[in-house]
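The values are calculated or read from the model by the stated rules, or taken from the named source; none is laboratory data. Note that this is a predicted model, so its numbers are computed, not measured. With ideal geometry, Cβ positions are generated from the backbone for all residues, glycine too; neighbour counts draw on all protein chains shown. The area values use the complete protein model at the heavy-atom level, side chains included, leaving out ligands, DNA and RNA. Shrake-Rupley method; radii C 1.70, N 1.55, O 1.52, S 1.80 Å.
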Amino acid sequence: MQREHLRRQPVALRAGRLHCIVLDTSGSMRQRGRLALAKGHATLMIEQAARQGDDVALLRFGGQGVELLLPPGRARASGSQRLRPVGGGGGTPLAEALAQAERLLQRALRVGGPTECWLWLLTDGRTLEQPQAPLTPQHLVIVDFDDPKKSLGRCAAWAARWGAEHHLALA
């Protein structure tokens, strides 16, 4: 074999991926262990993102307002430790949380260049707010923690209106 027989094939690199997890910590999420289940779900998502080499950001929203627990950056399994002390209570500032997530994703795109953005909304949908769909994420997933026997159906309605995926967490 000679040098001219060798051919270089470029390896296709996938764009970076950012998972923005928006966690509902309102008072209704404290009922029937929903918040604990949602925190466990978020922990698994962070650990999976770390295994895949993805970036992650974590926002929580509840009676204390909206709080950034993990700024966008390389996912690490240790990032899930930020969830342990998180409690819940109070109202559900969903529209404010989605607006902050939108700004966070836009900033990440400006700074980091082409990135595949995922927004994961973990909520029971127990709010009267009717927020607009975030525009920046290419993938929008609502993980529904509402009681399946007495569901208000808001998460499913938002998913249908937004063109998002809808997954039942308590089925």
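Listing for the model above:
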read-out	value
Candidate set from region 12-37 (those that are under 18 Å from C117 (Cβ atoms) and surrounded by fewer than 20 Cβ atoms within 10 Å (Cβ to Cβ)); member that is nearest to the chain's Cα centre (by Cα)	R17
Those residues of region 105-130 which are hydrophobic (A, V, I, L, M, F, W, C) and open to solvent by 10 Å² or more (accessible area, probe 1.4 Å), in sequence order	A108, L109, V111, W118, W120, L128
Selected residue [touching a Ser or Thr at 6+ places or on another chain (Cβ under 9 Å) and basic (K, R)] from R74, R154, R107, R82	R154
Selection count, region 115-164, where residues are under 17 Å from L105 (Cβ atoms) and outside any helix (DSSP H, G or I)	22
Region 38-68, subset without any contact (Cβ under 8 Å) to a residue 24 or more places away in the chain and open to solvent by less than 60 Å² (accessible area, probe 1.4 Å), residue nearest to L121 (Cα to Cα)	G40
Residues of region 131-153 classified as surrounded by 15 or more Cβ atoms within 10 Å (Cβ to Cβ) and either without any contact (Cβ under 8 Å) to a residue 24 or more places away in the chain or hydroxyl-bearing (S, T, Y) (or both), total	2
Verdict on A75 being at pLDDT 95 or above and buried (at least 24 other Cβ atoms within 10 Å of the Cβ)	no
